[in-house]
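Read through the structure below, which is laid out as structure tokens, and then see the notes.
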Amino acid sequence: MSARKKVLVFEDNASIQTLLKFFFQKRGVETRIEGDGTEAVPLVLDYHPDLILMDYIMPGKDGVETVMDLRRAGVSTPIVMLTSKAFPADRARAQQAGVTAYLTKPFDPTQLEAAVKPYLAA
Amino acid sequence: MIGRVSEVVAGVIVGRPSLGFVIVATIALLWLVLAMAAYLVVFRAYHRGRREYRSRRLAAYQPAIELVLMEEPYPAVVAALTPRLAGDGDCVQELVTENMRHLSGPPFETLRRASVELGFVDDNLRALRSWDRHRRGHAMERLGLLRCEEAVPGLVRALAREDLDLKLVAMRALAAIGDPSALPAIHAAAAALPPGLLPRLASLMLEFGAPGRDAVRELMNRRAADFPQVSIPALLKELAQDWESP
């Protein structure tokens, strides 16, 4: 029997946290939600998620800096950045930092599913 | 009696108040402080209680959002969103529009359809004419989130008559709805905006797509000197889309 997949979400907006929790719950994925990326590295190294969902703008450290920290620490977990920022420069910055995929908000659950499915497949 | 009062007042005026006056004044001040403290305690307790009640009512309807995300049948969604207590209508609207802010695709359309069926659109259209400024502002914001095309005439009127803050709310709502017929009115309202807000206005206009880009070009030509220099490169990049090869 394959182990349950785990997702770690970094998102500070309470409504989006709830939406993402429901989204993954429906798909039988264990979800942990954090409101900021300050302690991202020890969290990821301890929790061993199969996928990380990262918001671009968070209090304290922003999503791109958090991704840079994770990649510098040797974390190779796929990271999907979910953000309302759609400017090409921001997308390029995120991809340079090591983001695996980039999705803009408001999010369509169908598109989110297509984006995360490859990383959560058994 | 009047003579006694006159003596006391005279004493206060010359800086030599009587002991009796000092005692009475001190007691009166203490009562005043106690009354203000009691008012603050009651005031805070009332508002805390109100916030907590509202949070509980919002939580009662949260399962409806779960039904939407789990693609449950539409009648079940509507039933779950139907207000059950007096005053719940506003809570449900807040829950629905807050979630619509973050969703697109089928879940957004389900919530929008339910909002129309539950009368939220009509409520907010009526609220555009409310005497209460806050109600008008909330209504504008919600009509924008609901992408309510019927609200465009009311929002355009708001651009002409409301203060600056509500003008901006109306502009955001019109940009969210995306009806290009509102662009001339938005352009006209730009005359009242201070230069610092012009980049924000231009960003809103860009949400209308190609007609919005035309409007931004016109705005930048007309008020070129008013646009902050730092905002111009990003705006020009957006406008350049029309010259990129297909």
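Counting only GluC sites (Glu not before Pro) that sit in a DSSP loop (anything but H, G, I, E, B) with at most 14 other Cβ atoms within 10 Å, what is the longest stretch of chain B containing none of them? Walk me through the intermediate numbers first.
Numbers: sites that count: B:71, B:207, B:244.
Longest run free of exposed loop sites: B:72-206.
Return the sequence-ordered ³J(HN,Hα) values of the range A:104-121 in whole Hz as given by the Karplus equation 6.51 cos²θ - 1.76 cosθ + 1.60 applied to θ = phi - 60°, using x for Gly and Pro.
Computed from phi, the couplings for the range A:104-121 are 9, 8, x, 9, 8, x, 5, 5, 5, 4, 4, 6, 8, 3, x, 8, 10, 5 Hz.
Could you compute Rg(Cα) / (2.2 N^0.38 Å) for chain B, with N its residue count?
In units of the globular-protein estimate, chain B measures up at 1.55.
Just to confirm my numbers, what's the Cα centroid distance between the range B:1-77 and the range B:109-168 in Å?
Centre-to-centre distance over Cα atoms comes out at 33 Å.
Compute the helix-to-body angle for B:210-222: its Cα long axis versus the longest principal axis of chain B, expressed 0 to 90° and rounded to tens.
Tilt relative to chain B: about 60 degrees.
Keeping all protein chains in position, work out how much accessible area residue A:26 exposes to a 1.4 Å probe, and write it in Å² to the nearest 10.
80
From other protein chains only, count the Cβ atoms within 10 Å of every residue's Cβ in A:107-117, then give the mean. Please list the in-between numbers first.
Numbers: counts 6, 6, 10, 4, 2, 1, 0, 0, 0, 0, 0.
What the average comes to for A:107-117 is 3.
Can you pull the mean other chain C-beta count within 10 Å for peptide A:18-29? Can you show the working numbers first?
Details: counts 7, 8, 2, 2, 8, 4, 0, 3, 4, 0, 0, 0.
Mean partner shielding for this stretch: 3.
Keeping all protein chains in place, calculate the accessible area per residue for the range B:1-56 (probe 1.4 angstrom), answer in Å². Please report the intermediate quantities before stating the final value.
Values: 5110 Å² over 56 residues.
For the range B:1-56, the per-residue accessible area is 91 Å².
Of the accessible area of the protein assembly as shown, with the probe set at 1.4 angstrom, what percent is carbon plus sulfur? Show your work: numbers first, answer last.
Working: 11860 of 20110 Å².
Roughly 59 percent, rounded to a whole number.
Quick one: what are the phi-derived ³J(HN,Hα) couplings along the range B:161-177, Karplus 6.51/-1.76/1.60 with θ = phi - 60°, whole Hz, x for glycine and proline?
10, 7, 6, 4, 4, 6, 4, 5, 4, 5, 5, 4, 5, 5, 5, 5, 6
Using only C-alpha positions, report the orientation-averaged shadow area of the convex hull of the range B:147-246, nm², one decimal. Intermediate values should be presented prior to the final figure.
Details: hull surface 25.3 nm².
In nm², the orientation-averaged hull projection of the range B:147-246 is 6.3.
With chain A treated as a Gaussian network of Cα nodes joined by springs under 10 Å, which of A:40, A:92, A:101 yields the largest mean-square fluctuation?
Comparing A:40, A:92, A:101 in the GNM, the peak value goes to A:92.
Within 10 Å of each Cβ in peptide B:98-108, how many partner chain Cβ atoms are there on average? Round it to a whole number, please. Present the calculation step by step, with values, prior to reporting the outcome.
Working: counts 5, 5, 2, 6, 11, 8, 8, 7, 3, 7, 4.
The per-residue average across the peptide is 6.
Non-local amide H neighbours of residue A:31 (under 5 Å, H modeled in plane, Pro and chain starts lacking H): which ones?
The answer is A:7.
Rounded, prolate or oblate: pick one for the range B:62-107, where a ≥ b ≥ c are the square roots of the eigenvalues of its C-alpha gyration tensor, a/c under 1.5 means rounded, and failing that, prolate if a/b is larger than b/c, else oblate. All intermediate terms of the calculation are to be shown ahead of the outcome.
Details: a/c = 2.70, a/b = 1.31, b/c = 2.06.
In terms of gyration-tensor shape, oblate.
Cα extents of chain A along the three principal axes, largest first, in whole Å?
Reported extents, whole Å, longest axis first: 41, 30, 25.
Can you give me the long-range amide H partners of residue A:105? Hydrogens built in the peptide plane at 1.01 Å from N, cutoff under 5 Å, separation of 5 or more residues or another chain.
Residues meeting the criterion, in which the H sits 1.01 Å from N, are A:83, A:84, A:85.
Quick one: Karplus J couplings for the range B:13-29, per residue in order, coefficients 6.51, -1.76, 1.60, θ = phi - 60°, nearest Hz, x for Gly and Pro?
Here the 3J(HN,Hα) series is 4, 7, x, 10, x, 6, 4, x, 4, 4, 5, 5, 5, 5, 4, 4, 5 Hz.
With each label point set 7 Å from Cα along the Cα-Cβ vector, what nm distance links residue A:38 and residue B:8?
With each label placed 7 Å out from Cα toward Cβ, I get 5.7 nm.
Dimensions of the range B:1-123 along principal axes (Cα, Å, largest first)?
84, 25, 24
Using a 1.4 angstrom probe, figure out how much accessible area the range B:138-246 has per residue, in square angstrom, rounded to the nearest whole. Spell out each step's value before the answer.
Details: 5330 Å² over 109 residues.
I get 49 Å² per residue for this part.
Averaged per residue, what accessible area in Å² does chain A show with a 1.4 Å probe, protein chains only?
Details: 5790 Å² over 122 residues.
I get 47 Å² per residue for this part.
The values are calculated or read from the model by the stated rules, or taken from the named source; none is laboratory data. None of the values given here were measured: they were computed from a predicted structure. Cβ atoms come from the backbone with ideal geometry, glycine included; neighbour counts cover every protein chain shown. These area figures cover heavy atoms from the full protein model, side chains too; ligands, DNA and RNA do not enter into them. Shrake-Rupley method; radii C 1.70, N 1.55, O 1.52, S 1.80 Å.
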